[in-house]
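Working notes for the structure below.
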Amino acid sequence: MPSLQSLVRANSLMTEAGPMIPEPFPAPASTAAPPKVPGPAPAAKSPAASAAAGGRGANRLQAIARGEKVEPALHRQVFGEKAVLEIDNFQLWYGQKKALHEITMPVPVGKVTALIGPSGCGKTTLLRCVNRMNDLIDSVRIAGDMRLNGDSIYAPGVDVIELRKRMGMVFQKPNPFPMSIFENVVYSLRIDGIRDRNLLNEVCERSLRGAALWDEVKDRLHDSALALSGGQQQRLCIARAIAAEPEVLLLDEPCSALDPIATGKVEDLIQELKGEYSILIVTHNMQQASRISDYTAFMYLGRLMEYGPTAKIFTNPLLPETNDYVTGRFG
Amino acid sequence: MTWLMGGAVAVCLLMVAGLLALILYIGSSTFWPLPLVEFTVTTADGTTRYLGEVVETVPLADASTVEEATSAPMPGSLGWLLWLVAATITAAVAAFWCWIDPRLIGRVLAGVACLAALGLSVWSGTRLIDSLASTEAVRYKVRTGNFRLTNTHFTWIAGPQIVEQSEPQWAVILEPLEYGRFYGYPTRFLVDGQVVAEQPEQVWAAFQQHHADVRRRWRQAQELINHGIGAFNAIQEQARLATREAEIERDEILAQLEVAQATLQTASDAADASGSKLGTAQATELAAQVNALQTELAQAEAVLNIAQRHEAATFEQVSAQTAELLQQVQQLRDENARYQLVMKTAAGQEVTMAVDEIVRGYPANQLSWAGKLGVYLSRWGEFLTDDPREANSEGGVLPAIVGTVVMTMIMAVAVVPLGVLAALYLREYAKGGLIVSLVRIAINNLAGVPSIVFGVFGLGFFCYIVGGFIDGGPRKLQIPPWPKLTWWLVLTALAVIGTVAFLASIASTHGRNRANRPYLRVATGMLWIVCTVLLFALVFKTPYFDGLYRANLPNPTFGKGALVWASLTLALLTLPVVIVSTEEALATVPNSMREGSYACGASKWQTIHRIVLPRAMPGVMTGMILAMARGAGEVAPLMLVGAVKLVQELPVSFSPPFIHGSQSFMHLGFHIYDVGFQSQNSEAARPLVFTTTLLLIAIIALLNLVSIWLRARLRRKFVSSAF
């Protein structure tokens, strides 16, 4: 299977000439087989028509509303980085309804990548697909693939449990387990059957320090985690997620249930974790995305619209829709 | 609307509180000693004297006297009326306080005060009715006892017939082992037939001096008989069973030998007739078989011989020991027989009683408050720690208490794991659908099945089928076992089908295209059903099992009503309660916790047993509490599966196996029914119904309190709120 970068290069989507609307992005051979339930009619437009459609924002949004295929605007910088996670022509249906349309994006290693977009655009769905949480929902079907450091996530025979152990996930609402702080942090080690007290203590301290929570809870490690405040609970969940040294950290609107001070702490924490961990974060708070992320992907109605360095997305986006969204004119 | 709803709550509370207050009042006053009253009554032929306790006072059903009585109420009535009003108001205020007080301790205190006030108002009400009726216009129900002389426990005495009424100082109540209470006057105390005291006070002093020692010796003798003789009987029974087992073995080999000999005979006859070589070889082989069987038979005979000799030796030894023991008992009894008490009844008859057989005696009219309290507590002590006497109408209920508690415990141990596993499957594993809905409906309907139906099922299935199988194997159930070859073939078939079914299950739940193969699920289900049927067939047609207690047949060991079967029947009865409450508890575990666990890489089972189950534990405990409350109070099914009127031995002991599951047991609920309605002396025993009810309620409350305390602990641990 050709790698994403090589495909992208072969199609010479990105030129040094500056911003332009990319050509239609051909589906990789591996995901050519279409799903049984017909999705919206595939776009049968010529590159010229596409470019024309992209020329004015209204047209592009109307094309999406008509169900036509719209090509994303990908900045070339995102392909310059080594990718920890490659999302490859990924599609998803809830029953008959197609919720994710042919999404292709690399997530760079050691950086913070933010997913933004209006409500219902599929950013949380996409995030939950990375560690296959959507397997728990019966009506979900998918096509396409994702690769974590080169290993396919959706290939037949993949051990989902082993896969999830390679990732950490933090949810919208803090969900500490009904046990002590210590047991919460070392949960993923416990389920691996690790009993070595020294190792557990070490991991607990390292993770809590990593989550900037150690000083606050070091004297009450064996108290119930449910007695912590909301912000502390969320940082505890982050500590739990990084305890197993994940290859990628998935954050699903981690600050949406927190007050501004707790939000600030969690944001600082994300800044500190950057570099050590690769972070994919969903947020509906654009200021947050601009503050903490290195790359930003803008999604709309299940489609990836634009993906590039945060500074570019927020100051000089390729698409007028992106500009409208980040400046608050729609969404 | 608020008033309507509040009123409904108030009516419910009042009914429950009223019932509890009634049980509390009558149940706790049963053992309070009443004064002894002597009535002189005119009859057709002169006057008769009666001595007894007044247990009930009712107005005469004569219109003229009633009118006369109500027109001139007794002076005490007004006082009792004031008492009644005051107590009722106090109860209402206490109830209100209990309702509004924010502190737990305040509520408990107010609740207790409310109950006390309710009791007081019931009491003053009865006294008010008593006082409203004048002496002339009432009938007294007097417990006159002395059943051995009069053949009756109670006498009705009409007020107008009474000439004289007094509370004599030396009227004494005796509670003998048999024939109910005895009322009379102490006249003489005899030691070795010699009169040592003749004045009532001297006689009573002598009685009290010797009574404690005599009773101690009596208890000692009783202990020797119950435990000593019981142990000897057990030893002897064991030896007898060993012999019987050896005999059965021998008979089986003998039967086989006879068959083999007959075959050999026919075979050798045929060989002789034809003279063929093949026939001879066969005959030789058969002869070898017969020889082998004969050797076996000789061995079995030898074993039987040893067993018989052992039995005889045991018998001799036990007989000697029993004789020795009986001698000891006789010594104690002879010593006790020296002391006798001569009593005179109110009618003037003299009765000589052995001090030995008097459980308790007291001069009722001389007792101080402390003395009355002493008698009261002593009666409670006897009630709680002693065996029943007199067809359960006297003595204690210890076996019933132990039986109830042990049965409830075993039931809880059986029902909780089963119910929790079932609920886990329904809530966590099964995908919603028609079948799951049907199962849920069936479970809920199970809760509505009359409990006697469970009793019938328990008797038919547990006692007769399972119990019979344990006792005597398939033969006891008149099921002809398969030949060994068939049995092994079926076992192989089961193994093959089981493997296929297992693989099919995996394919139908894990395959990528599982949705495209619905027939696979149906086929898997069918395979599993076939497996179950085969398993049952294998168990019930096995040629390798002849029962664990066949030596004791035809006396059943497990094939009758027994503690385990009663517990299992009640477990079945209370299963829906546990399943429903566990399911509800599982449903309240937030999905975010499950997701969090999955995201950490936990498998489904790890998530369930580390996160979901601990979180749902309080709900499981609630189910257990409800199940225990329901199970402990159930009577109807128990009558069929093992609760009996009277047992000699407790179902628990300090010798292994500690809990004797095959024993019948006594149960407080059944005891209530038995004492109140089946006893020959049920009129005298009726107050005991209330006392036993009170005790049963107290035990259930105690069991529940323990569970509630456990649940509160778990709740603090797992579900403390964060925000």
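The values are calculated or read from the model by the stated rules, or taken from the named source; none is laboratory data. Here the structure is a predicted model, which means the values were calculated and not measured. No Cβ is skipped: glycine too gets one built from the backbone with ideal geometry, and neighbour counts run over all protein chains shown. When the accessible area is computed, the model is the full protein with side chains, heavy atoms only, and any ligands, DNA or RNA have been set aside. Shrake-Rupley method; radii C 1.70, N 1.55, O 1.52, S 1.80 Å.
Just one of A:94, A:154 is without any contact (Cβ under 8 Å) to a residue 60 or more places away in the chain, over 16 Å from residue A:304 (Cβ atoms) and in contact with a Gly (Cβ under 8 Å, 6 or more places away or on another chain); which is it?
A:154
Going by the structure shown, is residue B:536 outside any loop (DSSP other than H, G, I, E, B), open to solvent by 30 Å² or more (accessible area, probe 1.4 Å), within 30 Å of residue B:660 (Cα to Cα) and aromatic (Phe, Trp, Tyr)?
Details: outside any loop (DSSP other than H, G, I, E, B): yes; open to solvent by 30 Å² or more (accessible area, probe 1.4 Å): yes; within 30 Å of residue B:660 (Cα to Cα): yes; aromatic (Phe, Trp, Tyr): yes.
Yes.
Can you find, within the range B:589-633, the residue that is farthest from residue A:172 (Cα to Cα) among those that are in a helix (DSSP H, G or I), open to solvent by 10 Å² or more (accessible area, probe 1.4 Å) and among the small types (Gly, Ala, Ser)?
B:633
Which of the residues that make up the range B:358-399 are out of contact with any helix residue (DSSP H, G or I) (no Cβ under 8 Å at 6 or more places or on another chain), in contact (Cβ under 8 Å) with a residue 24 or more places away in the chain, in a helix (DSSP H, G or I) and within 30 Å of residue B:665 (Cα to Cα)?
If the condition is that a residue be out of contact with any helix residue (DSSP H, G or I) (no Cβ under 8 Å at 6 or more places or on another chain), in contact (Cβ under 8 Å) with a residue 24 or more places away in the chain, in a helix (DSSP H, G or I) and within 30 Å of residue B:665 (Cα to Cα), then B:375, B:376, B:379, B:380, B:399 are the ones that fit.
Applying the selection to the range B:173-212, what residues are assigned to a strand (DSSP E or B), closer than 18 Å to residue B:50 by Cβ and either in contact with a His (Cβ under 9 Å, 6 or more places away or on another chain) or of a type in the set (A, V, I, L, M) (or both)?
Scanning the range B:173-212 gives B:173, B:174.
Here's a check for you: in the range A:224-256, which residue that is open to solvent by 40 Å² or more (accessible area, probe 1.4 Å) and within 10 Å of chain B (Cβ to nearest Cβ) is nearest to residue A:293 (Cα to Cα)?
That would be A:244.
Which of the residues belonging to the range A:120-156 are small (Gly, Ala, Ser) and under 16 Å from residue A:101 (Cα atoms)?
Correct list: A:120, A:122, A:143, A:144.
Counting only residues that are basic (Lys, Arg) and more than 14 Å from residue A:118 (Cα to Cα), which one in the range A:287-315 is most open to solvent (accessible area, probe 1.4 Å)?
Among those that are basic (Lys, Arg) and more than 14 Å from residue A:118 (Cα to Cα), it is A:291.
Can you find, within the range A:184-215, the residue that is least open to solvent (accessible area, probe 1.4 Å) among those that are of a type in the set (D, E, K, R) and at the interface with chain B (Cβ under 9 Å from one of its Cβ atoms)?
Step one: of the range A:184-215, the residues of a type in the set (D, E, K, R) are A:190, A:192, A:195-197, A:202, A:205-206, A:209, A:215.
Then keep just the ones that are at the interface with chain B (Cβ under 9 Å from one of its Cβ atoms); that gives A:190, A:192.
On the way: A:190: 45, A:192: 85 Å².
So the residue we want is A:190.
(1) open to solvent by less than 60 Å² (accessible area, probe 1.4 Å); (2) more than 14 Å from every other protein chain (Cβ to nearest Cβ); (3) over 30 Å from residue B:145 (Cα atoms): which one isn't true of residue B:689, the others all being true?
All conditions pass for residue B:689, except number (3).
Restricting to the range A:215-259, name every residue that is in contact with a strand residue (DSSP E or B) (Cβ under 7 Å, 6 or more places away or on another chain) and among the β-branched types (Val, Ile, Thr).
Within the range A:215-259, A:238, A:242, A:248 qualify.
Could you check the range B:30-49 and list, in sequence order, the residues that are hydroxyl-bearing (Ser, Thr, Tyr) and open to solvent by less than 50 Å² (accessible area, probe 1.4 Å)?
Correct list: B:30, B:40, B:48.
For (1) hydrophobic (A, V, I, L, M, F, W, C); (2) more than 14 Å from chain A (Cβ to nearest Cβ); (3) touching a residue at least 40 places away in the same chain (Cβ under 8 Å), each residue gets a yes or a no:
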position	(1), (2), (3)
B:612	yes, no, yes
B:618	no, no, yes
B:622	no, yes, yes
B:625	yes, yes, yes
B:636	yes, yes, yes
B:642	no, yes, yes
B:645	no, yes, yes
B:654	yes, yes, no
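Residues that are more than 16 Å from the chain's Cα centre (by Cα) and at pLDDT below 85: does the range A:118-136 have at least one?
Scanning the range A:118-136, I find at least one residue that is more than 16 Å from the chain's Cα centre (by Cα) and at pLDDT below 85, so the answer is yes.
Only residues that are open to solvent by less than 60 Å² (accessible area, probe 1.4 Å), touching a Ser or Thr at 6+ places or on another chain (Cβ under 8 Å) and of a type in the set (A, V, I, L, M, F, W, C): list them for the range B:347-380, please.
Within the range B:347-380, just B:351 meets the criteria.
Table: residues versus (1) buried (at least 21 other Cβ atoms within 10 Å of the Cβ); (2) in contact with a helix residue (DSSP H, G or I) (Cβ under 7 Å, 6 or more places away or on another chain).
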site	(1), (2)
B:666	yes, yes
B:672	yes, yes
B:675	yes, yes
B:683	no, no
B:694	no, yes
B:698	no, no
B:701	no, no
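Can you tell me which residues in the range B:187-197 are open to solvent by less than 30 Å² (accessible area, probe 1.4 Å) and not hydrophobic (A, V, I, L, M, F, W, C)?
The one that is open to solvent by less than 30 Å² (accessible area, probe 1.4 Å) and not hydrophobic (A, V, I, L, M, F, W, C): B:187.
Could you say whether any residue in the range B:136-143 is modelled with pLDDT of 75 or more, in contact with a His (Cβ under 7 Å, 6 or more places away or on another chain) and open to solvent by less than 30 Å² (accessible area, probe 1.4 Å)?
Taking every residue of the range B:136-143 in turn, at least one turns out to be modelled with pLDDT of 75 or more, in contact with a His (Cβ under 7 Å, 6 or more places away or on another chain) and open to solvent by less than 30 Å² (accessible area, probe 1.4 Å).
Table: residues versus (1) more than 39 Å from the chain's Cα centre (by Cα); (2) closer than 21 Å to residue B:354 by Cα; (3) buried (at least 17 other Cβ atoms within 10 Å of the Cβ).
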site: B:150; (1), (2), (3): no, yes, no
site: B:159; (1), (2), (3): yes, no, yes
site: B:173; (1), (2), (3): no, yes, yes
site: B:199; (1), (2), (3): yes, yes, no
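Go through the range A:147-182 and count every residue that is within 20 Å of the chain's Cα centre (by Cα) and either within 11 Å of chain B (Cβ to nearest Cβ) or among the hydrophobic types (A, V, I, L, M, F, W, C) (or both). Give the derivation first.
Step one: of the range A:147-182, the residues within 20 Å of the chain's Cα centre (by Cα) are A:147-155, A:160-175.
Among the residues that remain, those that are also either within 11 Å of chain B (Cβ to nearest Cβ) or among the hydrophobic types (A, V, I, L, M, F, W, C) (or both) are: A:148, A:153-155, A:160-175.
Within the range A:147-182, residues that are within 20 Å of the chain's Cα centre (by Cα) and either within 11 Å of chain B (Cβ to nearest Cβ) or among the hydrophobic types (A, V, I, L, M, F, W, C) (or both) number 20.
Go through the range B:552-588 and give me each residue that's small (Gly, Ala, Ser), crowded, with 19+ Cβ neighbours inside 10 Å and over 21 Å from residue B:477 (Cα atoms). Walk me through how you get there before you give the answer.
Filtering the range B:552-588 for residues small (Gly, Ala, Ser) gives B:559, B:561-562, B:566-567, B:571, B:581, B:585, B:587.
The next check asks that each one be crowded, with 19+ Cβ neighbours inside 10 Å; those that pass are B:559, B:561-562, B:566-567, B:571, B:581, B:585.
B:567, B:571, B:581, B:585, listed by residue number.
Rundown of residues vs (1) assigned to a helix (DSSP H, G or I); (2) within 35 Å of the chain's Cα centre (by Cα); (3) hydroxyl-bearing (Ser, Thr, Tyr); (4) at pLDDT below 90, yes/no style:
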site	(1), (2), (3), (4)
B:307	yes, no, no, yes
B:318	yes, yes, no, yes
B:321	yes, yes, no, yes
B:330	yes, yes, no, no
B:348	no, no, no, yes
B:352	no, no, yes, yes
B:356	yes, yes, no, yes
